[in-house]
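The values are calculated or read from the model by the stated rules, or taken from the named source; none is laboratory data. What you see is a predicted model; the values in this text were computed from it and never measured. Don't worry about glycine lacking a Cβ; one is built from the backbone with ideal geometry, like all the others, and counts go over all protein chains shown.
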Amino acid sequence: MGVSKLLMDAQRRYEQGEWATPPGGGGGGNASVMHMVAYAALSKIMTNIGTAYKDIYVALTDLGLDKHLIDFGGAASFRIIYTWDYIGTGAQQVRWVDQANNANVLWESPTFTADRDPGDSGWLALPAWATGEKTVEWQGKSAQAADDPVAKSFRLYLK
């Protein structure tokens, strides 16, 4: 079973009450609850991705997957798990940002030169700007403008 299927199955089982705490959350009397708050699974070839960050999904052509309204209220940390096919020769990088102000970066990956299947931010503290409701979008770039990577999916969790 692929990683994406495992994650979806784990989330379903948690939401249906089969687990008291979600996988990776809690244990040893320190239970925590995580929630998947954003999800996209539409493969997108990023033809000639460019060297500046570029939005992965564009509203009119990608079913509106760039619209991830997230309520950060009550959350202290986040985790992003994503799938990215590395195609090209340049070091590639992805990030998730506030759609209204791209200077507000939720998380930026280190550069990579191989597939991310999955890529994982691990659990991190939310930045100071991540309060209330914000719309978050996924972006990517490469050191080689002519690279053609494939953005496949991501899930964003809060706890």
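Of the residues that make up region 53-73, is at least one surrounded by 14 or more Cβ atoms within 10 Å (Cβ to Cβ), β-branched (Val, Ile, Thr) and at pLDDT 95 or above? No. Checked against (1) under 15 Å from the mean Cα position of the chain (by Cα); (2) under 20 Å from Ala151 (Cβ atoms); (3) of a type in the set (A, V, I, L, M, F, W, C), Phe112 passes all but condition (1). Applying a threshold of 7 Å to beta carbon distances and a minimum spacing of six or more residues, or different chains, the list of pairs starting in region 37-54 at a residue that is in contact (Cβ under 8 Å) with a residue 40 or more places away in the chain and under 28 Å from Gly73 (Cβ atoms) and ending at one that is of a type in the set (Val, Ile, Thr) and part of a loop (DSSP other than H, G, I, E, B) is empty. Taking first residues from region 131-143 that are at pLDDT 95 or above and partners that are in a strand (DSSP E or B) and among the small types (Gly, Ala, Ser), the Cβ contacts under 9 Å between residues at least 6 apart in sequence or on separate chains come to Gly140/Ala151.
Which residue pairs have Cβ atoms under 6 Å apart, sit 6 or more places apart or on different chains, and have a first residue in region 91-108 that is touching a residue at least 60 places away in the same chain (Cβ under 8 Å) and a second that is surrounded by 15 or more Cβ atoms within 10 Å (Cβ to Cβ)? Close Cβ pairs satisfying both conditions: Trp96/Leu106; Trp96/Trp107; Trp96/Val136; Trp96/Trp138.
Kindly indicate whether Val94 is closer than 15 Å to Asp55 by Cβ, at pLDDT 95 or above and β-branched (Val, Ile, Thr).
Values: closer than 15 Å to Asp55 by Cβ: yes; at pLDDT 95 or above: yes; β-branched (Val, Ile, Thr): yes.
Taking the combined requirement at face value, the residue satisfies it.
Check Ser153 against each of (1) touching a Ser or Thr at 6+ places or on another chain (Cβ under 8 Å); (2) loosely packed, with under 13 Cβ neighbours inside 10 Å; (3) among the polar types (S, T, N, Q) and name the one condition it does not meet. Only one criterion is unmet by Ser153, namely (2). Applying the selection to region 104-120, what residues are touching an Asp or Glu at 6+ places or on another chain (Cβ under 9 Å) and assigned to a loop (DSSP other than H, G, I, E, B)? The one that is touching an Asp or Glu at 6+ places or on another chain (Cβ under 9 Å) and assigned to a loop (DSSP other than H, G, I, E, B): Asp115.
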